[in-house]
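What follows is a short report on a single structure.
Please treat every number below as a calculation from the coordinates, not as lab data. All values reported here derive from a predicted model rather than from experimental measurement. Ideal geometry is used to build each Cβ from the backbone, glycine not excepted, and the neighbour counts take in all protein chains shown.
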Amino acid sequence: MENLDAARLQMAFTLIFHIVFACIGMVMPFFMVVSHYKWLKTKDQIYLTLTKAWQKGVAIFFVTGAVSGTALSFELGLLWPEFMKHAGPIIGMPFSLEGAAFFVEAIALGFYLYGWNKLPEKFHWFTGVIIGLSGVASGILVVAANGWMNSPSGFDYIDGQFLNIDPVQAMLNPAWFTQALHMTLAAFTATGFAVAGIHAFQIFKGRRVALHTKAFKIALTFGAIAAILQPISGDISAKDIAERQPVKLAAMEAHYNTEKGVPLYIGGIVNAETQEVKYKIAIPGMLSFLAFGDFNAEVKGLNDFPEDERPNVPIVHYAFQTMVGIGGVLMLAGLLYFVSLKKKKWLKSNKYWILFVLLAPLGFIALEAGWIVTEVGRQPWIIHKIMRTKDAVTPMPGIVFSFYTYIVVYLTLSVAVTWLMIRQIKVLNAQK
Amino acid sequence: MLYVVLFFLMFSLYLYVVLGGADYGAGIVEMFSSEENQKITKKTIYRVMGPVWEANHIWIIIMIVILWIAFPAYYNILVVHLHIPLTIVLLGVTLRGVAFVFRHYDAIIDNSQKLYDGMFKVSSLVTPIFLGMVFGGLISGEIQLSENINNLTFYEIFVKPWFNVFSVLVGLFFAALCAFLSSVLLIGESEEGKENIYIRKAAIATIVVFVMGLITFIYGYIDNYFFVKNFITDPYAIAAMIISGILLLPLWLTIKKGRRVLSRLFAGLQVFLILLAALISHFPNIIISKNGSVSLLDQIAPDSVINVLGVSLIIGGAVILPGLFHLLKSFKMIKILEQNKNPSA
C-alpha cells in the first residue's frame, strides 16, 4: 500500500470511529438532563433510574470520544505534517477554543458524575446542561476547522506563502455555518434514533416497558425534530457547495457534462470510464433547482475541471445517495413518531417497535456517508485549491503498520464498548 | 503576547507533568503493590482520580494545540521525527482511558476486571516511559536536522532519536517521577490506617527517581551529551536541582506530620524545579541535535496569530481555571470517606 493511501485510510478510519463516539458523547447529555429535569419535577423514581443509566453511557462515550479525539489531534500532525505546518497557525483559533470548550465539558462532567447528593440539586442539574452545551460547542468548532479546508480563507496565498493571516476570518470561513448546522442536526438525528432504537428493542422484548418507553420518547423527540429540520439544512448546504465547490456537487450527482436544466439522479450505478450512470431515476431539472433555485440553471459538469482536480466520482456519488436516501426515511419516521403520540394504540403494536429497531443504525450510516461526501469530495485537495493531500503527507514510510494497529485497536474498542453497553442494559433490566 | 503564549505553554506542560503524571503514577503504584494493596489502591484511585482525571489529560491537548498554532516549524520536527513514540503514547492514552472507565463502569463485576486492571496498569507504565522518551529524544542530540536526510536510513531518522540509551533513561526517569508524585498524593487520600502503604511507596519512588536521574546524568556525561554538558555548566540549573533536593527534607517532615496539602505543594515544587532546571539550561533551544539546534522561537507564527491565540488563552484560562480549581477543591482536597459504599454508586 502506498504511504499516502495508508495515511488517508488511517485518518478516515480514526475519524469514522471518533465521529460516532463524539456524537453520542455530545448528544446523550441532553437526553440525560431532560430525564434529570423530569425526576426533579415529578420525583418519579423511573426518571432517576434512567438518568443514572444514561449518565454511565455519557461517561463511557465521553471518554472514548476524548481519547480518540486526543489521538486525532496528534494524528493531524503525525500524518499530515506539511498541512499542519502551514494550516496550524491559520486554523488554530477554532482548535484552541475547542480545547477550552472540551475542558469546560470535562470539568462539568466531573461535577455531574460525582456530584449526586453532594452538590445543591439545581446546580448539579445545571452542570449537566453545561456538559451538553460545551459538547455541542466543541463539535461546531471542530467542524469550522474542517470548513476551512473546504473554503480556505483568512490569508493571502502569494508565491506558495501564507501571508496576512487573520485567524478569526479563517474560523468564520464561508463553509463553517452550513457545515456546522448540518452536522449538529445530523448528530442529534443519528444519536436520537440510535438510542431510541435500543430502547425500542427492550420494549419489544417486554423488559421494563415503563422505563424504556420514557427513554424512547425523550431520545426520539430530539432525533425526530432534528430529522425533520435536516432537509432544510441540506438544501442550504447544496446551494452553498454549488457555488463554492462545483466539482464536489458534480461528483455527488455524477454529473459529467455542463448543461442547463440538469435532472437529479436518484440511485444508479456509475461507470467512471464511459461517464454513464445506469439504472437511475432522473427527476428533470431538479438538480438545477436544488443548486440554484431555478429549473433551467446551468450546472457545471465534471468535464469542465482538469482530470487531476476531480474526486473519486463513484464513491462520492454513492455516499451522497446513501445520505440523502436515509435522511428522507428518517424525516418520515420522525413525522410518524409525532403522529404516533396521538395514536396510542400504535404503541401496543410490535411492528411499531420493530420499525424503530430497524431504523436505529441508519442515522449513523447517513452521518458517515455525509462525511465521506465532504472529505472524499474535497480530494485531491487537503486545502481546497491550495495544497494537495499528497504534498501534505508525512515523509515517514511504513504508515501502513500504524494503520493496521489502529484498525485492531479501534475495532476492539468498538466491540468492547458495545459489550459494555449490553451489560449496562442487562443490569438495568434486572433492577427492580 | 508571545510571552503570554509561552507562559501558557509552559504552564500546560507543568500541569500535565504534575497532574497527568500523578495520574499515570497511580497505575504504576498499583502495579507494584501486593494483591491486597492493589484492591485498596484501585478503590482509592477511583475516588481521587475519578472526577478529575479527564481534566488532567486535557493539558496535553492544550500543549499540542499551542505548539502547532504558535510554533509550527518546531511542531513539524516533533511529529515527523518522533512519530513512532508519539503514536505509542497515543495508543497508551487510549487504552488507559478506556481501561479506567471500563473497570469502574462495567455494570457486572466479573473476571473481565482482571483484563481491565492489567490494561490499566501496563498502559500506565508504558505511556509515561514513551512520553519521557519523547522528552529525551528532543534533547538527545539524535534528531537529524540537516537538509540532506535522504541518504540516511529509516533507523537513523525515525528510530534512533528516541530509541537510544539516553532517551530510554529519561523515559524511565519520567515514569519514576510519576510514581513519586502519585505516592505523595495517595498518602493523603488513603483510608484510615493505610497511609503506610503509600509512605513506603513514596520512599521507594524517591530513591528510584534519584538513582535514575543520577544514572541518566552520568551516562550523558560520559557519552558527551550536549544537554548534560549545558546543564552542569549552567549555575541556575544546578541551583534549581540543589533546591529541589533540599526540598526532600520539608517534604518528608510534612508527610510524617500528616500535612497533606503542604506535602503535595513541596512535591509539586520539586517537579517544577526539575523541569525549570531542564528548560533553563537550554532554553529557547528545545530541540538539541548534533547538527544544530532548533529554538522554540525560530519561525514563530505571525503576530496576528500569536495575538489572537494569547487573547483566547487568557479568556479560556479565566473561564477554566476557577472551575478546575473548584472541582479539585470539591473532590480532591476534601477527603470524602465512603469506604464501604459501592465505588460505582
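Counting, for every residue in A:70-82, the Cβ atoms of other protein chains within 10 Å of its Cβ and taking the mean gives 6. Note on the range B:54-181: Cα-only Rg and Dmax are 17.0, 57 Å. Taking Cα atoms only, the orientation of helix A:3-42 departs from the longest principal axis of chain A by about 30 degrees. Within the range B:115-143, which residues have the backbone N less than 14 Å from the label spot 7 Å out from A:ALA430 along Cα→beta-carbon, could you tell me? Within reach of a label on A:ALA430: no residues. Residues B:ILE60, A:ILE225, A:ILE283, arranged from fewest to most other Cβ atoms within 10 angstrom of their Cβ, appear as A:ILE283, A:ILE225, B:ILE60. Here is the list for the range A:329-413: trypsin sites (Lys or Arg not before Pro) lying in DSSP coil, each with at most 16 other C-beta atoms within 10 angstrom of its C-beta, are A:LYS342, A:LYS343, A:LYS385. In the protein assembly as shown, the DSSP-assigned H stretches of four residues or longer account for a calculated mean residue ellipticity at 222 nm of -25000 deg cm²/dmol, using -39500 (n - 2.57) per stretch and the full residue count as denominator.
The simple Förster model, with R0 at 56 Å and r as the Cβ-Cβ distance, assigns B:VAL311 and A:MET421 a FRET efficiency of 0.85. Here's how it looks for B:SER289: its modeled amide H is under 5 Å from those of B:VAL294, which are all 5 or more places away or on a different chain.
Multiplying the residue separation of A:LEU358 and A:LEU336 by 0.36 nm and removing their Cα-Cα distance gives an extension gain of 6.5 nm.
Rank-order A:185-195, B:200-210, B:108-118 by packing density, defined as the average count of other C-beta atoms within 10 Å over each peptide's residues, highest first.
Details: A:185-195: 26.7, B:200-210: 18.7, B:108-118: 12.9.
Averaged packing, sorted descending, gives the order A:185-195, B:200-210, B:108-118.
Amide H contacts of A:ILE382: A:MET387, A:ARG388, A:THR389, each under 5 Å away and 5 or more positions distant or on a separate chain (H built 1.01 Å from N in the peptide plane; Pro and chain starts excluded).
Rounded to the nearest 20, the size of the Cβ-charge dipole of the range B:36-162 about its Cα centre is 500 debye, with Lys and Arg at +1 and Asp and Glu at -1.
Between B:ALA203 and A:VAL329, the C-beta separation translates, for a Förster distance of 51 Å, into a calculated FRET efficiency of about 0.20.
Working note: Karplus 6.51/-1.76/1.60 with θ = phi - 60° gives the range A:319-334 the couplings 4, 5, 4, 4, 4, 5, x, 5, x, x, 4, 5, 4, 4, 4, x Hz, where Gly and Pro are set to x. Between B:TYR219 and A:ILE158, the modelled labels are 5.1 nm apart [label points 7 Å from Cα along Cα→Cβ]. The magnitude of the dipole of the protein assembly as shown, with charges of +1 and -1 set on the Cβ of Lys/Arg and Asp/Glu and taken from the Cα centre, is near 4160 debye.
Take every DSSP beta bridge whose two residues both sit in the protein assembly as shown; close to 95 percent of them are antiparallel. Site pair B:LEU249 and A:ASP308 shows an inter-label distance of 7.1 nm when each label is modelled 7 Å from Cα along Cα→Cβ. Among the listed pairs A:LYS41/A:LYS344; B:LYS114/B:LYS201; A:LYS43/A:LYS345; B:LYS229/B:LYS256, those whose Cα-Cα separation exceeds 30 Å are B:LYS229/B:LYS256. Expressed as a whole percent, how much of the Cα-Cα distance distribution for the protein assembly as shown exceeds 36 Å? I get 47 percent for the Cα pairs in the protein assembly as shown exceeding 36 Å.
Its Kirkwood hydrodynamic radius, worked out from the mean inverse distance over all distinct Cα pairs, puts the range B:2-333 at 20.7 Å. Would the range A:274-432 count as rounded, prolate or oblate if I go by the C-alpha gyration tensor, calling it rounded below 1.5 in a/c and otherwise prolate when a/b exceeds b/c, oblate otherwise? Oblate is the answer for the range A:274-432, as a/c is 1.5 or above yet b/c matches or exceeds a/b. Of the peptides B:42-50, A:198-206, the ranking by mean beta-carbon count within 10 Å, highest at the top, reads B:42-50, A:198-206.
Rounded to the nearest 20, the Cβ-based charge dipole of the range A:38-91 about its Cα centre (Lys and Arg +1, Asp and Glu -1) stands at 480 debye. Taking the longest Cα principal axis of chain B as reference, the axis of helix B:2-15 is set at about 40 degrees. The angle between the Cα long axis of helix B:260-280 and the main principal axis of chain B comes to about 10°, on a 0 to 90 degree scale.
Listed peptides B:25-33, A:211-219 appear in the order B:25-33, A:211-219 once ranked by packing, highest mean of other Cβ atoms within 10 Å at the front. A simple spin-label model places pseudo-atoms 7 Å from Cα toward Cβ; at A:LYS41 and B:SER112 they are separated by 3.6 nm. Projecting the Cα atoms of A:GLY325, A:MET11, B:GLY310 onto the charge dipole of the protein assembly as shown, computed from C-beta unit charges around the Cα centre, puts A:GLY325 farthest toward the positive end. Beyond 23 Å in Cα-Cα separation lie the following of the pairs A:LYS248/A:LYS280; A:LYS85/A:LYS248; A:LYS300/A:LYS390; A:LYS205/A:LYS348; A:LYS52/A:LYS214: A:LYS85/A:LYS248; A:LYS300/A:LYS390.
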